[in-house]
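Scroll down for the structure; my scribbles are underneath it.
The values are calculated or read from the model by the stated rules, or taken from the named source; none is laboratory data. Here the structure is a predicted model, which means the values were calculated and not measured. Backbone-built Cβ (ideal geometry, glycine too); neighbour counts: all protein chains shown. When the accessible area is computed, the model is the full protein with side chains, heavy atoms only, and any ligands, DNA or RNA have been set aside. Shrake-Rupley method; radii C 1.70, N 1.55, O 1.52, S 1.80 Å.
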Amino acid sequence: MAHQASSSGSSAGSDRPATHAPKILDGKSLARAVARTTAARVTELRNKIGRAPGLAVILVGENPASKTYVASKHKFAKECGLETFDSHLPATATASDLRKVIESYNANDAVDGILLQLPLPKPLDGLEFVRLISPDKDADGLHPANQGLLLQGTPAPRPCTPLGVMVMLDLALSDLTVTDSTTLAEIPQASLAGKSAVVIGRSQLVGKPMGFLLLERNATVTFAHSKTTDLPAVCRAADIVVAAVGVPRLVKRDWVKPGAIVLDVGINRLPDGKLCGDVDYADVAPVSSAITPVPGGVGPMTVAMLISNTAENCARRNGVSL
Ligand code: NAD
């Protein structure tokens with residue numbers, strides 16, 4: 001694991017030398033820490049309610065990336081001791097076919113989390129079907145009711161990717177080094193009071209909820225997007241940069257304030273088949289105080305938080321406090 005102790009880990013945006021070695025935020029080892037915490041919660045739930053939390057995964061069609069994501073979600077859920085349910089519908093499935101599957105999981109008391117893998121094959125509209133998932137079984141935190149509760153600051157399943165980014169940010173701002181026994185509880189929740197954050201991207205899936213989670217922790221948040229004027233200058237003003245755009249290596253070194261924390265959500269496939277993020281990692285890393293790699297950064301944390309959300313849904317649905 002490539003964590004390097006950051007001598008000024010709690011001073012994002014400070015006057016650090018421009019080429020200080022950054023703290024590399026390794027999503028794979030951090031996801032293991034989430035898995036240890038979730039596995040302990042699953043054991044506790046089993047003892048209290050007599051069954052493990054259940055995750056239902058719905059895949060429609062044969063999109064290779066979706067199949068890979070679904071397989072990794074399944075594997076992670078099993079490792080944490082969850083019960084899993086599977087529905088793989090053909091790409092020719094109708095709206096009525098999909099509705100029936102979602103409704104059957106809504107009615108199944110052994111299911112605490114329903115994941116509908118997006119995107120759906122055309123003409124099915126993913127967000128239309130997310131709305132059919134019972135809000136208390138929403139594993140992804142994308143149901144409009146749960147997004148409304150996010151705006152109100154009320155406990156509810158939060159969107160997995162932004163949730164994972166927040167844990168990575170907490171790690172960036174702590175002096176903790178993740179080891180083979182670290183759990184989520186050991187990572188202190190950082191106060192972001194006085195810090196400025198820019199979120200590039202305003203999607204319902206990532207950008208918007210990301211901004212509200214940062215705001216909830218008292219950061220001063222700017223949403224930047226495709227219509228923003230002078231994006232490099234907007235980014236340069238921030239202590240924390242979250243890139244959720246879908247443009248390979250968009251964010252360059254001169255966009256980033258020395259010492260800023262850089263969290264890269266983007267997953268882009270290059271013509272040679274390799275993956276890269278929305279941040280030009282090699283260019284930006286030397287000026288950042290902490291940075292996520294792609295692959296191996298935010299991606300594994302998204303999966304980890306999905307499984308964690310499912311265990312929390314189970315606790316909430318059964319009136320158990322973990
Ligand atoms: P999206 O296409 O829904 O939204 C992209 C956003 O970026 C839009 O709000 C748009 O305004 C903005 N944008 C587009 N071009 C821009 C530009 N040139 N300058 C500034 N802003 C621009 O995408 P999304 O679903 O939010 O995903 C964003 C990226 O994150 C994609 O690469 C996606 O694959 C990745 N992603 C990763 C994870 C993960 O687990 N790591 C999860 C979800 C999405």
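For the range 127-136, a tally of residues being in contact with a Pro (Cβ under 9 Å, 6 or more places away or on another chain) and buried (at least 16 other Cβ atoms within 10 Å of the Cβ) returns 3. Taking the numbered list (1) touching a strand residue (DSSP E or B) at 6+ places or on another chain (Cβ under 7 Å); (2) open to solvent by less than 60 Å² (accessible area, probe 1.4 Å); (3) among the β-branched types (Val, Ile, Thr) in turn, residue 302 passes all entries but (1).
The rows are residues; the columns are (1) in contact (Cβ under 8 Å) with a residue 60 or more places away in the chain; (2) more than 14 Å from the ligand (Cβ to nearest atom); (3) closer than 30 Å to residue 56 by Cβ; (4) open to solvent by 50 Å² or more (accessible area, probe 1.4 Å).
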| position | (1), (2), (3), (4) |
| --- | --- |
| 156 | no, yes, yes, no |
| 174 | yes, yes, no, no |
| 187 | yes, yes, yes, no |
| 190 | yes, yes, no, no |
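Restricting the first member to the range 199-219 and to residues that are part of a loop (DSSP other than H, G, I, E, B), and the second to residues that are more than 10 Å from the ligand (Cβ to nearest atom), the beta-carbon pairs closer than 6 Å and six or more apart or on different chains are 217/192; 218/192; 218/193; 219/192; 219/195; 219/197.
Restricting attention to the range 194-211, the residues that are surrounded by fewer than 20 Cβ atoms within 10 Å (Cβ to Cβ) and more than 9 Å from the ligand (Cβ to nearest atom) total 2. Among the residues of the range 284-291, is there at least one that is over 23 Å from residue 167 (Cα atoms), more than 15 Å from the chain's Cα centre (by Cα) and surrounded by fewer than 17 Cβ atoms within 10 Å (Cβ to Cβ)? Within the range 284-291 (the criterion being over 23 Å from residue 167 (Cα atoms), more than 15 Å from the chain's Cα centre (by Cα) and surrounded by fewer than 17 Cβ atoms within 10 Å (Cβ to Cβ)), the answer is no, since none of the residues qualifies.
One residue alone among 85, 76 is closer than 18 Å to residue 300 by Cβ, hydrophobic (A, V, I, L, M, F, W, C) and at pLDDT 95 or above, and that residue is 76. For the structure I just gave you, tell me whether residue 236 is charged (D, E, K, R), in contact with a helix residue (DSSP H, G or I) (Cβ under 7 Å, 6 or more places away or on another chain) and surrounded by fewer than 24 Cβ atoms within 10 Å (Cβ to Cβ). Yes: the conditions hold for residue 236. Can residue 279 be described as more than 20 Å from residue 160 (Cα to Cα), of a type outside the set (Phe, Trp, Tyr) and buried (at least 24 other Cβ atoms within 10 Å of the Cβ)? Yes. In the range 228-322, counting only helices (runs of 4 or more DSSP H) that sit wholly within it, the ones holding 3 or more residues that are more than 10 Å from the ligand (Cβ to nearest atom) and in contact with a Cys (Cβ under 9 Å, 6 or more places away or on another chain) span 298-317. Across the range 137-153, the qualifying residues are those that are open to solvent by 50 Å² or more (accessible area, probe 1.4 Å) and touching a residue at least 12 places away in the same chain (Cβ under 8 Å), and the one among them that is nearest to residue 62 (Cα to Cα) is 144. Of the listed requirements (1) open to solvent by 70 Å² or more (accessible area, probe 1.4 Å); (2) farther than 26 Å from residue 116 by Cβ, residue 216 misses just one: (2).
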